[in-house]
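Only the coordinates and a few stated rules stand behind these numbers; no lab work does. Source: prediction; values computed, not measured. Glycine also receives a Cβ, built like all others from the backbone with ideal geometry; neighbour counts cover every protein chain displayed.
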Amino acid sequence: MKINPSNIGTTESAAEVFFGPEPGQEVSGEIIGLSVSTSSSSVFINVKNRGLFAYSLDGHLRWSAGPVLYRFGYRQGCKQNVKDCYFSSIPVIDRCEASIYMSNTEGEIYSLSVRSPQFKWIQDFSSFDKVFTITPGNNGCLYVTVPVRVLVLALDVTTGNILWQRNTGPLSTTECAPVVDSNGWISIGSLDGFLYSFSPTGSLKKFPRAAVLDSVVQVSPLLDCSGYAVYISQTEMEEKISHVTGEYTCISALKPRNVVFTMLAPSTGSTYWSESYPGKFSSLLVETDLQNFVLDESVLLAFVAASSEILSPVLRFSVFRHQFNVDKLKEQLHLASKLEHKFLCTVFLLYL
């Protein structure tokens, strides 16, 4: 569906079918995922068993590509004798490199040009696993997270070759997407309660520095609008048990007690703000419409990150000078929640 926000509340239709079967036609395939490139004014749609389709914003097909390409008599993509092989991931757009990254069901990663259906490279990572998360960097690196192997791989964007690989703590198989900040640090939360941050060369920093025995990080971190800091949420459980079987670690946890939200800069190691929910942080929400929603860590973390847009003069000044006035933040956040809550709720309603 294509939604035109300017038509909401008017007599004009706000929604229209952008991609799908014509009336009377059968559905030809499941849409696995889509991404939008504003720089190329294109929408990229991955359809199961059909391939990747590139459309202009007005709905015209620009090009399409399948997981197998024959060039000069040679086969590229999908292993020989594999019949049910297709693109299995959401298209990941690298705006720095004008590339699209995709993975298939056999554990191969593709780099394609944004403007044409040409493969820049294909690399086979099935020796690690066939399920992973792809994250573009901003420093000539592409990052691949392998949850079951608790690994982060840094690839050269021009060749797909591995530059370095590092272990993390146990990762959730449902939500473990890392973020890359403007300094090129990649950060990912672990079920052991730590945030693992790696420099562009693979140096590790763990946050917090002191271990919290019964905490887990089960929500992906969010990047601050400055680009230099990240927000994380740590959930403290009543009890947490780790089970190690061979090279795999399983985490069992009982009943969350509270959540600690923290804003920090991985490159400097500075923590700018930290607060608990329930706790003092709760008082910032009671006068907002968010009290009418079922809140979880992801919603609250998104609220904190969205609020920083309103507080940008305060937060940007403190991030760049590595100092922070917590009382001032609380005062400004409380004011923002009273004055801007309708705007924030509109944003959440559009994306939920």
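A few notes on this one:
- Projected-area mean, the stretch 1-127, by convex hull of Cα positions, square nanometres: 9.9 nm²
- Here, the stretch 57-119 yields an orientationally averaged convex hull projection of 5.2 nm² when only Cα atoms define the hull.
- Taking 0.36 nm per residue of sequence separation and removing the Cα-Cα distance, the Phe19/Ser199 pair yields an extension gain of 60.8 nm.
- Figure legend: label point modelled 7 angstrom from the Cα of Ser127 along Cα→Cβ; residues of the stretch 72-93 with amide N under 20 Å from it are 77-80.
- Charge tally around Lys255: other residues with Cβ under 12 Å, Lys/Arg +1 each, Asp/Glu -1 each, net -2.
- The label-point distance for Ser39 and Ser116, in a model that sets each label 7 Å from Cα toward Cβ, rounds to 1.8 nm.
- Placing +1 on the Cβ of every Lys and Arg and -1 on the Cβ of every Asp and Glu, with nothing else charged, gives the stretch 1-127 a dipole about its Cα centre of roughly 440 debye.
- Ranked for footprinting exposure by Cβ neighbours inside 10 Å, fewest first, Met102, Met1, Met237 give Met1, Met237, Met102.
- Most positive-pole-ward Cα, Thr10, Asn46, Ala65, against dipole of the stretch 1-127 from beta carbon charges: Ala65
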